[in-house]
Structure formats: C-alpha cells, structure tokens
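No value in this document is a laboratory result; all are computed from the given coordinates. Treat the numbers as computed from the prediction; the structure is a model and nothing was measured. Quick reminder, even Gly has a Cβ in these numbers, built from the backbone with ideal geometry, and neighbours come from all protein chains shown.
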Amino acid sequence: MDSLTDTRLISRLDVVDTGRRRRWADAAKLRIVEESLSAPRLVSATARRHGISNQLLFAWRKAYREGRLGIVAGFVPATIAPEPGEAAGSGCGRLEIVSANGLRFIVDGAVDVAALARIMRGLEALP
C-alpha cells in the first residue's frame, strides 16, 4: 500500500486546545520566584503548582538574580550633562530627569526638590 493513498477512515478526531499564551505580571513572577527560593529543592514543586515549566522558572530565577525581574522602584542613577554649546561648570540652569518608566522631566535648577518628588511620584503612579 502506498503511504500517499492511505484509505483508512478516521473514526474520531479530537481538537486539543492548548489555550492562549499566558502573560505573567512582574509581581506574580516575583512571588513565584521567591516561593521557589524559600527552601532547597522546591523548583519542580513550585513550577508544577503554578503550571509552568521548570525551564521558565529557572529563567525567572536568573533574571531575579541579575536584577532584571520586576519594576525598578524609586530613582535611577543620573548624570548631569551641560547643554550643547554651554561650558561645563557654568552653573547649568536646567535639569533633565528621566524616570525608571521613561517619563522625562526638564526643570529649572532652582526647583523645589520636595515638590518635584511629589509630582514625579504622582505621575509615575498613573497607568
């Protein structure tokens, strides 16, 4: 019998739905990773309990160790650079701040720092 002309009848055909690809929030990833780190030999059990593969949990753990898992909280290191054409040390009148989530603030050098911090926290909390 030629394999291209197989005439067997299909008696039953099942469609298996694997579902959508899941998206995990950073907070959930962090909670799962911390659970897996709570005691020795919990990786497989934790992965099974949350329905993820061991490889995915190991990748999350590596990202956690490298500081790449989760949202950067607070401020990030900043450098002050003079405006183009302005001599360094001339008392820069403006300051540019880029927050962890990409918001960009340009303020006068004499800004009230406490007020600026309140404004930045309020704007970063917006969706």
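Think of the range 24-70 as having a plus end and a minus end, set by charges on the Cβ of Lys, Arg, Asp and Glu; of 54, 37, 67, 54 sits farthest toward the positive end of this dipole. In plain terms, the residue of 52, 119, 32 with the fewest other Cβ atoms within 10 Å comes first and the most crowded comes last, giving 119, 52, 32.
How large is the convex hull of the C-alpha atoms of the range 24-70 per residue, in Å³?
62 Å³
Note on 97, 106: ascending count of other Cβ atoms within 10 Å places them as 106, 97, the fewest first.
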